[in-house]
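Here, each number is a calculation from the coordinates, and none is a lab measurement. Everything numeric here is computed off the predicted structure, so don't read it as measured data. Cβ atoms come from the backbone with ideal geometry, glycine included; neighbour counts cover every protein chain shown.
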Amino acid sequence: MADATQTGPASVAQPGLLRRAFAAMHLPLGDPFAIAGIVIYLVFIVVAIFAPSIATHDPTEILFTSDFMLAADLRPGEEGYIMGTTTLGRDVFSQLVWGSRSALIIGLMAAFMVALIGTIVGVVAGYFGGWLDTIMMRLADIAFGIPFLPFVIVLAAFLEPSIWNVVLAMALVLWRDTGRVIRSQTLTLRNRVYVEAARVSGSSDLKIILRHIVPNILPLSFLYGSIAIGWAILTEASISFLGFGDPESISWGYMLQDAFASQALSKGAYYWFVPPGVLIILIVSAGFFISRGYEKILFPKLDR
Amino acid sequence: MTALISLQDAKLHYNVGGILSSLRGEPQVVKAVDGVTFELQKGESVGLLGESGCGKTSTGRMLVRLDVPTDGSVAFDGEEIAALKGESLSQFRRRAQMIFQNPFEALNPRFTIAASLAEPLENARIPKAERRDRIHHALELVRLAEPGQYLDRYPHLVSGGQLQRIVMARALILEPEFVVADEPVSMLDVSVRAGVLNVFREVRAQMGLTAIYISHDLALVRYVCERTIVMYLGRIVEDGPTEEIVQNPLHPYTKALVAAVPVPHPDQSHDPLPIGRGAPDPKNPPSGCTFRDRCPMAHARCAVEAPGPTKVGNRTVHCHTFDQAA
Amino acid sequence: MTDTLLSLRELRIGYSVGKNEVTAVDGASFDVAPGSVVGLVGESGCGKTTLARALTRVLASNARITGGQAIFGGTDIMALSEREMNRLRWRDIAFIPQSAMNSLDPVYTVGNQLREVLVKRGRLGRAAARDRMVELFEWVGIEPGRLGDYPHQFSGGMRQRVAIALALALDPKLIIADEPVTALDVIVQRQILDQLKDLRDRLGISVILVTHDISVVAYICDRVVVMYAGKVVESGPMAATLTDPAHPYTMGLRNAFPDLAGAAGELVPIHGAPPNLMFPPPGCRFAARCPFAQTRCAGAVPSLKDLGAEHLAACHRIEERDALRAEALKAATWADMRGAA
């Protein structure tokens with residue numbers, strides 16, 4: 001009898017940390033759009049990681065033709081430049097490849113910050129309530145009142161234009177939506193019977209939050225995180241296009257601004273400004289496809 | 001001999017009107033519990049009986065510190081529960097437990113039964129090596145055959161009756177002295193109810209538990225408790241030995257309650273209930289005795305003055321009919 | 001044969017669950033006489049709610065009537081088109097759900113909802129509808145002044161009365177009530193049962209009362225139909241069935257109920273759980289939990305046998321019922337079944 005019941009809780013094998021982290025992300029693998037989004041992201045991530053080996057040139061290097069002329073405004077294919085060059089003589093293809101790096105860094109960092117801050121604020125405000133809740137929710141109200149793009153521009157201008165400041169500005173404003181939603185979700189979870197049961201059995205607040213609340217909230221955090229990716233990339237593009245971007249790093253928004261300033265349209269240099277635009281659309285839509293998948297997990301009834 | 005549990009004029013009031021109505025000087029207060037006084041001796045089992053909204057569940061929640069009284073005192077073994085902190089609070093958590101109404105919601109659906117049962121053990125810092133035995137022992141205590149089969153299952157794969165026994169096992173796993181059971185069988189099917197009630201009764205006797213059994217059904221309370229406290233709109237109306245209350249209810253509300261319980265016999269009284277129509281409104285209770293608007297015996301004094309406790313034999317009744325006679 | 005209002009003949013209702021078909025109601029037959037209350041008793045999952053919903057033809061989308069008839073006023077309501085059924089609803093057959101909160105629209109006053117039924121379905125004029133509303137509210141014991149209130153302004157018991165008023169609006173001949181008092185406190189429960197009883201006596205309305213509580217049956221019903229795992233196992237006049245149950249399940253149910261009027265005796269549970277209807281056992285469905293089961297019980301399905309006086313039961317050992325009944329009163333009889341699955 002004792003042998004048959006050897007499978008106590010202590011002997012239950014703990015699955016690997018990586019697998020558990022993967023499972024905790026609740027990737028929406030049931031939805032074809034979400035899978036397409038994830039595939040697009042994977043491609044971008046691979047390109048961003050191997051950017052130095054994929055890119056044919058340094059994206060900021062000013063290039064010269066074989067006859068020592070500035071390699072300006074070359075068409076795709078001319079002189080071996082796959083997608084042509086810019087007016088300043090830089091390789092468009094290499095800029096696109098490197099641009100994926102800054103787009104992903106900004107997108108993922110902003111998403112991470114937004115999800116992290118929003119989740120912490122939401123869980124703390126919702127779980128503990130009282131004056132903590134009041135203060136945090138009034139701060140969220142203030143954040144709701146801040147006009148997003150001007151705030152990012154002003155902050156970037158004050159602190160010096162760098163992609164980190166763009167990320168910081170985004171995090172300071174966008175946590176409000178995540179925080180609000182996660183707070184209300186926490187409020188309903190806090191009153192679940194099993195949470196009260198955990199309290200009666202002597203679990204501390206921290207333990208209850210980590211064990212019973214956060215696992216139920218993570219999909220929401222990821223939903224808002226994946227929405228923030230798109231927002232962040234769009235915002236960075238807008239800021240760079242307006243000329244407040246980081247001059248040191250090549251991004252798709254910077255490419256658009258460069259093309260605009262160099263009158264690429266009147267030169268008919270579609271190869272210069274269409275690809276970054278398409279890539280922005282592609283990666284932002286991929287982010288929304290993934291968030292749609294999370295929505296389907298979270299709110300299955302929306303499907304009808 | 002000191003009482004294990006002692007409530008002294010305990011109150012739990014909720015402000016439901018929000019800031020605006022408070023500013024207007026007309027705060028809307030729901031008096032979930034409005035001045036409840038009783039004591040429980042060690043080993044006693046007491047039924048808290050009343051309609052929904054009478055404050056029975058709120059009272060039970062205060063006893064395990066899921067709610068903190070807004071006024072008055074709730075003491076456990078001589079110590080004010082609301083003041084417990086740190087180590088003394090975790091000591092209290094080991095000694096006082098609760099069995100919840102809905103077993104389908106009382107266990108986290110993401111956890112296996114074993115993980116749910118391990119939680120109180122972790123909190124009490126029971127060494128890992130001991131936990132498995134304790135879990136087995138607790139499941140055997142609630143008469144679950146072959147406890148090993150439940151450990152790795154998730155709650156949705158276990159039937160209601162078994163689930164409620166598991167919830168009971170979790171409450172008993174730290175060998176508490178005091179248990180509050182909040183309508184533990186109301187969500188269960190009739191054929192399994194009796195089984196859960198029998199386990200509760202047997203375990204209580206075996207462990208010498210002090211218990212509060214919350215229910216709206218006097219027949220169930222009678223089955224597990226020697227003493228019954230009847231509540232109406234946040235106050236106690238009658239308190240005494242269950243059998244006496246069943247045979248000869250004194251308070252007019254208890255009379256109606258006893259008369260209203262259906263019995264599983266073809267031959268039973270179909271007399272109209274000795275109670276007025278309408279329903280208790282916790283937001284706006286009548287002045288004086290809160291039961292007077294439905295009471296067939298109400299007179300002028302009932303509107304002015306809330307009746308205090310009157311001793312009638314073994315019982316305490318809160319009704320002006322009896323304090324006049326006394 | 002006495003006149004019947006509704007007559008169920010071998011009604012079968014199935015659910016498709018994934019690729020499987022689950023028969024939730026398996027050949028139910030019973031009659032409802034005019035002006036009588038029939039209690040439909042059983043534990044959750046026995047098919048009583050499915051059966052009640054089928055009679056109003058509001059079934060879940062994956063449910064299907066797979067056989068049998070329900071004859072109401074000479075027509076089989078199972079064969080009616082949705083339009084013809086709509087004509088019957090409210091006017092001939094009305095429904096009281098378990099939770100009135102879900103059946104009342106929160107954005108309209110209860111008066112509005114009542115008027116809609118009276119005017120749209122009953123073709124009453126505005127003034128006539130107004131009079132009727134006041135009359136209905138008085139019948140169910142609510143101040144007519146509260147017609148202008150919204151559902152959330154009523155307590156649970158009051159909402160249940162509103163639901164009854166709605167069901168009564170067009171003088172139906174039959175009310176199907178799905179656990180109408182289960183969620184309510186004993187006093188309110190009693191008041192609502194008294195209301196239903198009064199309506200039966202005064203207006204001659206018939207009620208099919210779905211419940212799990214045999215105390216409720218004992219209080220109000222004229223007949224009982226006991227269901228177990230999709231099958232009718234016993235049916236008969238209320239007094240005879242509860243005093244002299246013929247099926248072991250009914251005997252067990254009676255033991256499991258606390259009795260405030262009697263001595264504080266022992267409650268005896270029926271151990272185990274009903275079978276999974278996805279894979280029903282070949283013989284009697286109660287056999288695994290029955291203390292009197294024999295080998296033949298696991299082999300063949302018992303059919304309903306007439307015991308006279310309109311009392312029927314489906315048990316292989318029906319002839320020994322008096323002896324079994326005496327056995328069933330002993331707690332030890334059922335305690336031996338602890339090992340039941």
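Distances between placed amide hydrogens fall under 5 Å for B:CYS295 paired with B:GLY276, all partners being 5 or more residues away or on another chain. First measure r as the distance between the Cβ atoms of C:ARG123 and C:SER99, then evaluate 1/(1 + (r/R0)^6) with R0 = 45 Å and state the FRET efficiency to the nearest 0.05. That gives a FRET efficiency of 0.95. Shape analysis of the stretch B:206-295 based on the Cα gyration tensor places the equivalent ellipsoid semi-axes at 24, 19, 11 Å, largest first.
Can I get the semi-axes of the stretch C:43-201's equivalent ellipsoid? Compute them from the C-alpha gyration tensor as square roots of 5 times the eigenvalues, in angstrom, largest first. Don't skip to the answer; put the middle values down first.
Details: eigenvalues 136, 79, 40 Å².
Whole-Å semi-axes of the equivalent ellipsoid: 26, 20, 14.
Run lengths n ≥ 4 of DSSP H only: what is the helix-derived mean residue ellipticity at 222 nm for chain C, with -39500 (n - 2.57) per run over all residues, to the nearest 500? All intermediate terms of the calculation are to be shown ahead of the outcome.
Working: 13 runs with 111 residues, N = 341.
About -9000 deg cm²/dmol.
Membrane-span-like helices in chain A, defined purely by DSSP H runs whose alpha carbon atoms cover 18 Å or more axially and whose average Kyte-Doolittle hydropathy reaches 1.6, are A:32-49, A:92-128. The mean count of C-beta atoms from other chains within 10 Å of the C-beta of residues in B:268-274, rounded to a whole number, is 3. Taking only the C-alpha atoms of chain A, Rg followed by Dmax gives 23.9, 89 Å. Distant-in-sequence amide contacts of B:TYR232, defined by a placed amide H-H separation under 5 Å and a gap of 5 or more residues or a different chain, comprise B:VAL237. Of the peptides A:269-282, A:105-118, the order by per-residue mean of other Cβ atoms within 10 Å, starting with the highest, comes out as A:105-118, A:269-282. The mean number of partner chain beta-carbon atoms within 10 angstrom of a residue's beta-carbon across peptide C:237-247 is 1. Here the label points at C:ARG296 and B:ALA129, each 7 Å from Cα along the C-beta direction, are separated by 6.0 nm in the simple model. Taking 18 Å as the cut-off, the amide N atoms of the stretch C:136-177 that come nearer than this to a point 7 Å along the Cα-to-beta-carbon line of C:TYR108 belong to C:136-137, C:146-154, C:159-171. Using the Cβ-Cβ distance between C:VAL134 and C:ARG91 with R0 set to 22 Å, the FRET efficiency works out to roughly 0.60. Which parts of the stretch B:23-60 would a label at B:THR2 reach, counting a residue when its backbone N lies under 14 Å from a point 7 Å out along Cα-to-Cβ? It comes to B:40-42, nothing else. Per residue, the convex hull spanned by the Cα atoms of the stretch A:235-278 measures out at 60 cubic angstrom.
The H on the amide N of C:GLY68, modeled in the peptide plane, is under 5 Å from the matching H of C:ARG12, each at least 5 residues off or on a different chain. Computed on the protein assembly as shown, the Cα convex hull volume stands at 234 Å³ per residue. Sorted largest first, the principal axis extents computed over the alpha-carbon atoms of the stretch A:80-181 equal 66, 24, 17 Å. Taking a ≥ b ≥ c as the square roots of the eigenvalues of the Cα gyration tensor, an a/c ratio of 1.5 or more together with a/b no larger than b/c marks the stretch C:214-341 as oblate.
Working out 0.36 nm times the residue gap between A:ASN191 and A:ASP67, then minus their Cα-Cα distance, what length gain in nm do you get to one decimal?
Details: separation 124, 0.36 × 124 = 44.64 nm, distance 7.57 nm.
In short, 37.1 nm is gained.
Scaled against 2.2 N^0.38 Å for its residue count N, the alpha carbon radius of gyration of the stretch C:147-215 is 1.11.
Length gained on full extension, B:GLU175 to B:ASN248: 22.6 nm, using 0.36 nm per residue less the C-alpha separation.
Using 1/(1 + (r/R0)^6) with R0 = 60 angstrom and r between the beta carbons of A:PHE33 and A:SER204, what's the FRET efficiency to the nearest 0.05?
On the way: r = 41 Å, r/R0 = 0.69.
According to the calculation, E is roughly 0.90.
Evaluating 6.51 cos²θ - 1.76 cosθ + 1.60 at θ = phi - 60° for every residue in the stretch B:51-62, the Karplus couplings come out as 6, 4, x, 7, x, 5, 5, 4, 4, x, 5, 5 Hz, glycine and proline recorded as x. Residues of B:58-68, mean number of Cβ from any other protein chain within 10 Å of their own Cβ, rounded to a whole number? Mean shielding by partner chains, rounded to a whole number: 1. Legend: Rg and Dmax of chain C, from Cα coordinates, 20.9, 68 Å. Size estimate for chain B follows the Kirkwood approach: the inverse of mean 1/r over distinct Cα pairs works out to 21.1 Å.
Among C:ARG126, C:ARG321, C:ARG200, the largest mean-square fluctuation in a Gaussian network model of chain C (Cα springs under 10 Å) belongs to C:ARG126.
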